[in-house]
Amino acid sequence: NIGYADLNALNFDKRGTSKISLNSNADFLSTKDKKILGKVEVTDITLENSDGRFNAGDIYLNSFSDNSMYKVGLDADFAEGSFRGTAPIDRFIKDLLNVTIGKELPALLDNDGWKWEGNSYDLDFTFHNVMEILPFILPGAYIEKGTKLKAGISTDGLMSAELVSGRIAYRENYFKGVRLKADNSDNVFGGELKAGEIRAASLLLRDNYF
């Protein structure tokens, strides 16, 4: 249990008032055939900053891993999602960066020692009521309930991703009715964006396709 840890006093958050409290419980089981089953419960999460106090609800995580498969399931008040891959999530993030921006802008990444090893991944994420955590994590941001994110990488390194949302905003800037697709086909990282309405500063665009 954490009874109102002051993240600012601990130098984890330099933005001013930043406190968190929660209850947590974790249970992991290793079987004779070297499979690892995990369950993590984080409940009664309360976040506090200069904008107020936010009840982030509960988070439940289930995991499974062996020598060839890694699975994680998320069930929370603010989102639900699943991950499945032949390597852990941290390797997925590294592979994702390297098969996308790493090909176009390698100087942005530390590629020393990285090579494609033929893993495959699938990520599926749906946002629920994130407005109990976004004002704490990124004040001014908004993600509409029902926003979906899917991403995957095949064994030959082909990546595809899709983001669909009714509205995504940061302060006065926003996208409405947005569908973003991206891939690295033909060894080029690119994509397309469709949006019913885009506002950026004083510019307002409707029925957009890029």
Problem - Condition check for residue 10: at pLDDT 90 or above and either out of contact with any strand residue (DSSP E or B) (no Cβ under 7 Å at 6 or more places or on another chain) or assigned to a strand (DSSP E or B) (or both) - result: no
Handout entry: Selection from segment 132-173 of residues that are hydrophobic (A, V, I, L, M, F, W, C) and buried (at least 17 other Cβ atoms within 10 Å of the Cβ)
Key = 133, 134, 136, 143, 149, 151, 153, 159, 161, 163, 168
Handout entry: Counted residues, segment 47-85 - those being touching a residue at least 40 places away in the same chain (Cβ under 8 Å), of a type outside the set (A, V, I, L, M) and surrounded by 14 or more Cβ atoms within 10 Å (Cβ to Cβ)
Key = 10
Practice task
Hey, could you check segment 182-210 for residues that are in a loop (DSSP other than H, G, I, E, B) and surrounded by 15 or more Cβ atoms within 10 Å (Cβ to Cβ) and say which is modelled with the lowest pLDDT?
Solution key: 189
Problem - Qualifying residue in segment 104-117 (condition: part of a helix (DSSP H, G or I), in contact (Cβ under 8 Å) with a residue 40 or more places away in the chain and exposed (fewer than 14 other Cβ atoms within 10 Å of the Cβ)) - result: yes
Fill in the blank from the handout: Of the conditions (1) open to solvent by 90 Å² or more (accessible area, probe 1.4 Å); (2) touching a residue at least 40 places away in the same chain (Cβ under 8 Å), the single one that residue 14 does not satisfy is (2)
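The values are calculated or read from the model by the stated rules, or taken from the named source; none is laboratory data. Bear in mind the structure is a predicted one, so any value in this text is a computation, not a measurement. All Cβ positions, even for glycine, are placed from backbone atoms using ideal geometry, and neighbour counts span all protein chains on display. Side chains included, ligands, DNA and RNA excluded: accessible areas come from the protein's heavy atoms. Shrake-Rupley method; radii C 1.70, N 1.55, O 1.52, S 1.80 Å.
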